[in-house]
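Presented below is the structure to which this report refers.
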Amino acid sequence: MKKLFLVVVMLSAVEASFSQKEKKQFIHKGILRAQATISPGMLLKENASTISIHGNLEYYLADNVSIRGDGFYFLQVNGINHPLHINHSVFAGASYHFKTKNHFDPYFSFAPGIAITQYTDCYDPQITYGDICNDKAYINPLISPAIGFNLYFQRVFHLFAEARYISGKHLSDDSTPLSLNELRFSFGLGWNLNLIKQKK
Amino acid sequence: MKNIFLLAATLFLMFIGIEGAFAQETQDLSKESGKLQLGMRSTVSAFSDDGANGMGVGGQFRLKLGSRMNTDWYSDYITTDIGGLAKRTDYHIGWSVLYYPANNEIKKGKLTPYILAGHCFDWTDVKKNGGIYATHNAPQKRFSSAVQCGLGVHYNLSDNFDMSLTPQYMLHLGKDIEAHVFDNEITGQKDILIEQKDLGLEGHLLINLSLNVYVVDLWNKKSK
């Protein structure tokens, strides 16, 4: 709780220092941003937590809209239930950026996507299903809204934080359906470039 | 009778869309026609015969033929969980004609309703869960053709990006695959029977939410 408070205070201080200097929105058409981080998640119906590597590439089509691609590489699942051996996912969507007068960039995002999922049974030495052991990976559709913010520095770097809800279901020929509904969080340092120079 | 009515309504809307679009085409050919958009979409499939709702993902491109007419070329991958007992997979590839009662322009803030009708090819695969241990049920597959019609709306968030919401009814013209969930008296549990029927009409409601980016003017028109 103390750490969270410190982070919030720090972000507010950085944001306030930028807002002192200029009253103009920093984000604009032509920004390309990218980030990579470790993303913790919670499988909401399986009482399990997950860890993934999250990579993202985003391009601002206009001052208020960007298109983005996100990829999550599943590392591991923890918890009483260990439902999945693989749960990679990719998304292609867009973000709506709310208007501000500084370097702070809050947004709402929506993205269709797919999950590549594999049931864990085959890999658990305690469970031996013999022939019905399911060792195939399946592709399942996902829908994912997200909210978050970026805090841009003067150039090249920015801080970002995002909370993403993922809705989907692992359906396979062999095992019973499994909910993929999950909350994932991402936080870290990103990179940005201006591909289009702004008119002064 | 209900299905024949739906088919007639689909064809009627399709006719109105095409006729209306051609009537307008000469007026605005120089402005909106030739604009190409690329997009992604999420799909919810509802009200199918088996009563289960599916979820899908897909993509499309749109080529405008005028400010009153657009064409939408799409593909969808939809999976449906039928009562936890079987999995239905649908692959759609098709096209639609969009008719705008009011002029459509790709411009920030524009909200444009439209009528849509079109045609689609699809592959459906229904399998009972349990793999080789699934009893009295061979997986059923079919290839069919379909027609669809619906209503929708674009909202342009910027001069080069829109979100579109489209509920549409898709009517399949082919062999019907029916999945019945029933109480199995021997096992005392829910079970499912998957059957392929003869030629018939069977449909479902598709609700698409799509995100579309204006990419290029293929006609490469000079602004006047």
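Quick notes on this one:
- Of all residues in the range B:92-123 being buried (at least 23 other Cβ atoms within 10 Å of the Cβ) and polar (S, T, N, Q), the one that is modelled with the lowest pLDDT: B:104
- Among the residues of the range A:134-182, those that are in contact (Cβ under 8 Å) with a residue 24 or more places away in the chain, in a strand (DSSP E or B), more than 14 Å from chain B (Cβ to nearest Cβ) and surrounded by fewer than 15 Cβ atoms within 10 Å (Cβ to Cβ) comprise A:147, A:157.
- Of all residues in the range B:62-91, exactly one satisfies the criterion of being modelled with pLDDT under 95, small (Gly, Ala, Ser) and assigned to a strand (DSSP E or B), namely B:86.
- Within the range B:184-196, considering residues that are in a strand (DSSP E or B) and over 33 Å from the mean Cα position of the chain (by Cα), the one surrounded by the most Cβ atoms within 10 Å (Cβ to Cβ): B:184
- Selected residue (criterion: surrounded by the fewest Cβ atoms within 10 Å (Cβ to Cβ)) from residues of the range B:144-165 that are modelled with pLDDT of 95 or more and among the small types (Gly, Ala, Ser): B:152
- Residue among B:59, B:94 that is assigned to a strand (DSSP E or B), without any contact (Cβ under 8 Å) to a residue 60 or more places away in the chain and more than 10 Å from chain A (Cβ to nearest Cβ): B:94
The values are calculated or read from the model by the stated rules, or taken from the named source; none is laboratory data. These numbers were taken from a predicted model, which means no experiment stands behind them. Using ideal geometry, Cβ is built from the backbone for each residue, glycine included, and neighbour counts are taken over all protein chains shown.
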